[in-house]
Amino acid sequence: MLNVMSKFLVMGMPLEGVVLRSTWNPAHEIRREDLGHLSVGTPADVAVLRVETGDFGYVDAWGARMPGDRRLVCELTIFNGIVVYDLNGITWKNWDKLGHYPPQGERWWDETVDIKRH
């Protein structure tokens, strides 16, 4: 999905348009108006994206390459209010501030927790 979104960004679509066409519009098409937006009472499913600049390539269905100078990268994913993906650990405490490492995050997701011991 991020690859396709990045292609639209490189083709000149504003970021706001890329996000709209990847969130609210699909939710509306499948008649799930409870999805695709951030409003009180809706599921707290969020992807925090970052726009990277550099030299990137995108390939279409025919195998032609389109060069691009931007791409979208997922920094953080929250599902039902719980962080389930954190590329750079931005929601975690720095290791040098922890001392003894107590578990952080959800037990089923935190690999530092030995579930058999608890």
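Please treat every number below as a calculation from the coordinates, not as lab data. In this text, all values refer to a predicted model and were calculated from it rather than measured experimentally. All Cβ positions, glycine included, derive from the backbone under ideal geometry; neighbour counts span all protein chains shown.
Here are the numbers for the structure shown:
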quantity: Förster radius 35 Å - calculated FRET efficiency between Arg21 and Trp92 (Cβ-Cβ, nearest 0.05); calculated: 0.65
quantity: For Ser6, Ser39, order by how many other beta-carbon atoms lie within 10 Å, fewest first; calculated: Ser39, Ser6
quantity: Cα-Cα separations in segment 2-88 greater than 17 Å, expressed as whole percent; calculated: 57
quantity: Residue exposure sequence - Glu16, Glu33 - by fewest surrounding Cβ within 10 Å; calculated: Glu16, Glu33
quantity: Candidates per chymotrypsin sites (Phe, Trp or Tyr not before Pro) in segment 1-101, loop by DSSP, up to 12 other Cβ within 10 Å; calculated: Trp62
quantity: Calculated FRET efficiency for the pair Glu52/Thr77, C-beta based, R₀ 25 Å, to 0.05; calculated: 0.90
